[in-house]
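Okay, structure first, notes after.
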Amino acid sequence: MGIIQILEKNLAWGGTRRDILFLVISGMALLASFFDLRLFPFDSAWVAIILCGVPIILEAVIGLTTAFDIKADVLVSLALISSVIIGEDFAAGEVAFIMELGALLEDLTVARARAGIEKLVRLTPQTARVLRPGEAVIPADQVTVGDMLRVLPGETVPVDGIIRKGQTAVNQAVLTGEPLPVDKTVGDAVASGMVNQFGAFDMECTRAGEDSSLQRMVRLVRSADAGKAKIVRLADRWATWIVVISLAAAIIAWVVTGEVIRAVTVLVVFCPCALVLATPTAIMAAIGNATRHGFLVREGDALERLAQTTRCVFDKTGTLTVGAPRVTAVRSIMDGLADDGMYRLVAGAEMRSEHPLGKAVVASFQDEGKDAPTSVEEFHALPGKGVFAVVDGLDVIVGNPALLQERGVEIPSVLREAATAYMNNGATVMFCAVDGKAAGYVVLADTLRPEAPGMVARLKRLDMECVLLTGDHKSAARHIASQVGIEAARASCLPEDKLGFIAESQKNGVKICMIGDGINDAPALKMAHVSMAMGGVGSDIAVDAADIVLTRDEIGEIPHLLALSRRTMRTITANLVFSMGLNFIAISLAMTGVLNPVTGALVHNAGSVFVIVNSALLVRWRKGDRPEGR
């Protein structure tokens, strides 16, 4: 092992607790040096120089020798060594101490910002109760698809699956943010991370290990890295030039005044620490804020890119809508048969159906808490047409007009006209006949997310143009767009159509934020300047293609994220301007002799502390109702 590898290994030892210990010891030693207390045969400031200064020097040596990386550590090291050479031991110790204090504050800020994210990692179940046969507790990562598992009250669901036996209520806040327990029974899906709060149940594993819902979120968490932001690299390049300029200024001060102490002071005050801290602390604090509002920011520069966007492009199904058909209207025209009565007969006829629309009718009926039919007999599925069943002694046909016509049932024109109005808005209409006579219809539609209209209105107040791109036909697109307040809508869009629209817009200088959830949205998500995917209902491919993931599918928080990104960029700009201005003012005072190495270190590091505190304010920032300018 080479000397560089040994140094790197030694630098990696320890962490925040070690830094705090070193700071406490160094602080006591500096106090002893300041009051001239002779605790050792040498100046007590050397304790701070060794504990806090030596790691800085080693970092500078490693950066220079491995990649010729000229960063803040190089200038700080020169300031330390120069101070020691001219006998300013206390100044050297103070510089090292305050630099270490600034680094610790940055670490604590970043740790606080990421605390909410890392909770997901700690929530990962470690064991599972598997039935193979008998019951055995095994590590959760050994569960495979198809295994039967038992989850007891109080336990966390270890993998994704379907309940095959039992019923319960689960807390699914880890995935959805919903604090209230949700009832689950046979056939319902459960996901890893949910907490079983009621009864024991047996489940069949459908996704395990790295494919489970919680593990997918964990992988996204670990990909969050503020170091990827382009503006961070820009700040690093500025830091390199400042090192060169400060060295030149120090030499000039020495040559002109003949006082080496002024040259050392220039090196101390011109360390670009505040400049380097300006961006990563702000971005990581903003990522922590975004996480609290249901977003996982996969790359730091996603916030920078989001702040530059002027147009939001939405997919419809699963994004502006919930992505699942629900019964939205029921109408009976049969004398003596009320709407609820016909709804009950339709649900009874579809009770044994495997068709997705039939299941949607039953699910909607059950969710409304209505009484199920007492008798369902002679069920027959008619592929592509509908179903027939005897429900409570009545012959019930549910399906399309072709099925009713085939069975000799005439649909009145008034019923057809009313159904056509629903179909023109993108809904599906299932006609019903009872004992050979037309009875009415049930309407199924993908319902709008309740927060969608308010979200669009808030985006408009942020001067964002909103566009709807959907694969549905024109009338359905127009209907949804009018409901949420979007003026521009494009219908019948294939994946290449969405991709082409975004490519053409960005070619014309319009930076786009794309929000979608499906596999067909993946190309557009990749092409957009910045993209968001629905983490709950969204496909894995869409999630992998996006820069930002909505972990709780709460689109109502999108305006907050946009405003946060703009606020973050203003914070970064303020940090950069402040740190640069402070450096140039301090160097002027140092060259004229107003600042000495000790006071120079205090002024310089006060700037670093200001930058960190200013960035930390983003962790809890929340925009008011007033419009946010760019």
Just to be sure, is Gln405 touching a strand residue (DSSP E or B) at 6+ places or on another chain (Cβ under 8 Å) and either assigned by TED's automatic domain parsing to the domain that holds Val346 or more than 23 Å from Lys359 (Cβ to Cβ) (or both)? no
Please determine whether any residue of segment 610-617 is in a helix (DSSP H, G or I), of a type outside the set (A, V, I, L, M, F, W, C) and modelled with pLDDT of 85 or more. yes
Applying the selection to segment 242-274, what residues are closer than 12 Å to Met591 by Cβ, outside any helix (DSSP H, G or I) and modelled with pLDDT under 85? Phe270
Scan segment 535-548 residue by residue and report those that are at pLDDT 75 or above and either assigned by TED's automatic domain parsing to the domain that holds Ala191 or closer than 18 Å to Gly193 by Cα (or both). Gly535
Hand me the list of helices (runs of 4 or more DSSP H) wholly inside segment 16-103 holding 1 or more residues that are of a type in the set (S, T, N, Q) and over 30 Å from Ala248 (Cβ atoms). 16-34
Against the definition (within 23 Å of Gly187 (Cβ to Cβ) and touching a helix residue (DSSP H, G or I) at 6+ places or on another chain (Cβ under 6 Å)), how does Pro158 come out, yes or no? yes
Would you mind stating whether Val429 is surrounded by 22 or more Cβ atoms within 10 Å (Cβ to Cβ) and at negative phi? no
Residues (among the aliphatic types (A, V, I, L, M), at pLDDT 80 or above and crowded, with 18+ Cβ neighbours inside 10 Å) located in segment 79-108: Leu80, Val84, Ala91, Ala92, Ala96
If the Cβ limit is 8 Å and pairs must be 6+ apart or interchain, which residue in segment 496-522 that is farther than 13 Å from Thr319 by Cα pairs with which residue that is of a type in the set (Lys, Arg) and part of a strand (DSSP E or B)? Asp497/Arg490; Phe501/Arg490; Ser505/Arg311; Val510/Arg311; Lys511/Arg311; Ile512/Arg311; Cys513/Arg311
Return a yes/no flag: does segment 321-329 have any residue that is in contact with a strand residue (DSSP E or B) (Cβ under 7 Å, 6 or more places away or on another chain), over 28 Å from Glu465 (Cα atoms) and small (Gly, Ala, Ser). yes
Quick one: would you say Asn425 is touching a His at 6+ places or on another chain (Cβ under 7 Å) and either closer than 17 Å to Gly384 by Cβ or of a type in the set (S, T, N, Q) (or both)? yes
Of all strands (runs of 3 or more DSSP E) fully inside segment 476-564, the set with 2 or more residues that are in contact with a helix residue (DSSP H, G or I) (Cβ under 6 Å, 6 or more places away or on another chain) and buried (at least 22 other Cβ atoms within 10 Å of the Cβ) is 512-516, 530-534, 548-550
When only residues in segment 198-217 that are in a loop (DSSP other than H, G, I, E, B) and buried (at least 21 other Cβ atoms within 10 Å of the Cβ) count, which is modelled with the lowest pLDDT? Ser212
So, Asp463, is that one more than 30 Å from Val376 (Cα to Cα), surrounded by fewer than 17 Cβ atoms within 10 Å (Cβ to Cβ) and touching a Gly at 6+ places or on another chain (Cβ under 8 Å) or not? yes
Evaluate segment 364-379: report whether one residue or more is under 30 Å from Ile486 (Cβ atoms) and at pLDDT 90 or above. yes
Residue count for segment 275-333, restricted to those that are assigned to a loop (DSSP other than H, G, I, E, B) and either surrounded by fewer than 24 Cβ atoms within 10 Å (Cβ to Cβ) or of a type in the set (D, E, K, R) (or both): 8
Note: among Ile558, Ile585, Ile572, just one is assigned by TED's automatic domain parsing to the domain that holds Val84, farther than 15 Å from Val269 by Cβ and modelled with pLDDT of 85 or more, namely Ile572
Evaluate segment 455-468: report whether one residue or more is in contact with a strand residue (DSSP E or B) (Cβ under 9 Å, 6 or more places away or on another chain) and closer than 30 Å to Asp371 by Cα. no
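The values are calculated or read from the model by the stated rules, or taken from the named source; none is laboratory data. Predicted model, so just to flag it, every value in this text is computed and none were measured. All Cβ positions, even for glycine, are placed from backbone atoms using ideal geometry, and neighbour counts span all protein chains on display.
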